[in-house]
Amino acid sequence: MTRWPIALLVSVCAYAAGPTYTKDVAPIFFKHCVSCHRPNDIAPMSLLDYKSTRPWAKAIRTSVVGRKMPPWFADPGYGHFSNDARLSEAEIATVKTWVDGGAAEGDAKDMPAPPPMIEGWQLGKPDIVIDIGETYKVTPGEDAYEHFVVPTNFTEGRWIRAAEIHPGNRKVVHHAHVLMVSNNLKDMEVASTGNMPSLSKFLIKEGKLSRIRQDAPVVNDACAQNLPNLPFLTGFQEGALASFLPGRPPDVFPSGTAKWIPPGGKLEFVIHYAKVPNQGETDRTSIGLYLAPAPPQRVLRRMDLRNFFMQIPAGAPNHEVRRCYEFEKDKLLLSFTPHMHYRGKDVTYEVIRPDGKREILLKVPRYDFNWQLVYRLKEPVLVPKGSRMIVTIHYDNSPNNRFNPDPKQTLRWGDRSEEEMMTSWIEYLDAKPDGPAAMQTSEAALRR
Ligand code: HEC
């Protein structure tokens, strides 16, 4: 036998055995991509069929091999997360080989059934639906952050076992949060008690938005000894109800837990509207609330840790801001959501236990404002009373940060995306079940 037929045979076999869209690649995309990459959703193209996928093959290879897609930013060296979005090495290899081999379609009979595309409520019909109270007209050509405060009209408090934010128009709603109104910067002063000065002293209000005054005292390291008496540099603030992010599942609270909405409570929708080219896009986002059948054993809570008094110098490439928290009781930590704006660069959550043992629970080495990800711990982490959490955030306010709207600005805390924030939302349970006292405890916490 001569040599060349064997070579030909080998190459034909390799070709025939190479991955195809229908058989090998579509299942990966259906599992990891199409929650965003489908018609009328946030991503630029659908990956639900070969025809719309094929022109993107090269870009898909780049973003998959470079782990840019799906979006996920936790350093794999620390912690395990139940919503870890990363593809496996084998999945990446399949996509790469598929593109390198010519991105073949394959046999139509190999095509898997598309995943069910839920247009309405993913969790089924909610018990209560509350919307933003108006049909909002999106201004074309600009990103916008809008706040809508609406009454619940609850005459009695309600326990909520799940909450689903339903974007009114998926093309324009980039992400959204729904908060109990006491989380609003303007209302924080209500929560300032004891000898803590009121936050309003340090605020400038412009319409719906607020910011910290340029001449307010500066504390970048809120972990330092002998802190000045300023609002919310220690302890925590009670956090929001639910969040929506493209591709993120709705907030379903762990079994046996629930969140409490007090009577007369108001909800604040904070919605980021993405830039759209055309006139005429409108939105009416809503939240579906699912009632718990009975008061829970444990109250699902969120503690928000902020440093309102940071100041980021103009041009600073790696400005550090810290916030610490001393555990006043044993807590089971469930999730972390870091929140900064365009200058946010990285964030680390570290715990020092009473025996001196240090542990990094989450490290996000490359924060991206476009993706407001939640990192849900695979197993709750028990942190005993007397432990200390250190949140360390770096900001890049230099011209090298391509998202930076203006490196010449000295930044304080502010609602607008062009200003900055230093917030961490941490979901937790008290380690001891709350039992029947749960409701009172929760109300007391909200009044704090
Ligand atoms: C959580 C939602 C989400 C998921 C999940 C997701 N994407 Fe994306 N993807 C987006 C959005 C939004 C954009 C456009 C903005 C951007 O590029 O960041 C995008 C952009 C892209 C681009 C275009 C990049 C370019 O060159 O312009 C590619 C290619 C891509 N995604 C592939 C994938 C693949 C493949 C998967 C699954 C393995 C995936 N994405 C999963 C939301 C998502």
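The values are calculated or read from the model by the stated rules, or taken from the named source; none is laboratory data. All values reported here derive from a predicted model rather than from experimental measurement. Note that we place each Cβ from the backbone using ideal geometry, even for glycine, and neighbour counts take in every protein chain shown. The protein model used for the area step is the full one, side chains on, heavy atoms only, and it has no ligands, DNA or RNA in it. Shrake-Rupley method; radii C 1.70, N 1.55, O 1.52, S 1.80 Å.
Structure data summary
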{"item": "Conditions (1) within 21 Å of Asn370 (Cα to Cα); (2) hydrophobic (A, V, I, L, M, F, W, C); (3) free of Cβ contacts under 8 Å to residues at least 60 places away in the same chain: number failed by Ala17", "result": "(1)"}
{"item": "Candidate set: the range 17-62, residues that are of a type in the set (Ser, Thr, Tyr) and closer than 22 Å to His175 by Cα; chosen: the one farthest from the ligand (Cβ to nearest atom)", "result": "Ser46"}
{"item": "The range 303-349, residues that are touching a Gly at 6+ places or on another chain (Cβ under 8 Å) and hydrophobic (A, V, I, L, M, F, W, C)", "result": "Met303, Phe327"}
{"item": "Unmet requirement for Arg402, which otherwise passes all of (1) under 19 Å from Leu334 (Cα atoms); (2) within 16 Å of the ligand (Cβ to nearest atom); (3) part of a loop (DSSP other than H, G, I, E, B)", "result": "(1)"}
{"item": "Residue list for the range 200-214, filter: at pLDDT 90 or above and open to solvent by less than 40 Å² (accessible area, probe 1.4 Å)", "result": "Phe202, Leu203, Ile212"}
{"item": "Identity of the residue in the range 63-89, away from the ligand (no atom under 13 Å from the Cβ) and over 19 Å from Pro365 (Cβ atoms), that ends up farthest from the chain's Cα centre (by Cα)", "result": "Glu89"}
{"item": "Of all residues in the range 90-104 being within 11 Å of the ligand (Cβ to nearest atom) and of a type in the set (A, V, I, L, M), the one that is surrounded by the fewest Cβ atoms within 10 Å (Cβ to Cβ)", "result": "Ile92"}
{"item": "Qualifying positions in the range 21-55 - open to solvent by 40 Å² or more (accessible area, probe 1.4 Å), at pLDDT 95 or above and over 19 Å from Ala85 (Cβ atoms)", "result": "Lys23, Asp24, Asp49, Tyr50, Lys51, Arg54, Pro55"}
{"item": "Selection within the range 252-293 - more than 28 Å from Arg322 (Cα to Cα) and within 16 Å of the ligand (Cβ to nearest atom)", "result": "Tyr273, Ala274, Lys275, Val276, Pro277"}
{"item": "Qualifying residue in the range 435-447 (condition: modelled with pLDDT under 90, over 19 Å from Arg306 (Cβ atoms), hydroxyl-bearing (Ser, Thr, Tyr) and not in a strand (DSSP E or B))", "result": "yes"}
{"item": "Condition met for Gly386 (at pLDDT below 95 and either in the same structural domain as Asp330 (by TED's automatic domain parsing) or over 30 Å from Glu206 (Cβ atoms) (or both))", "result": "no"}
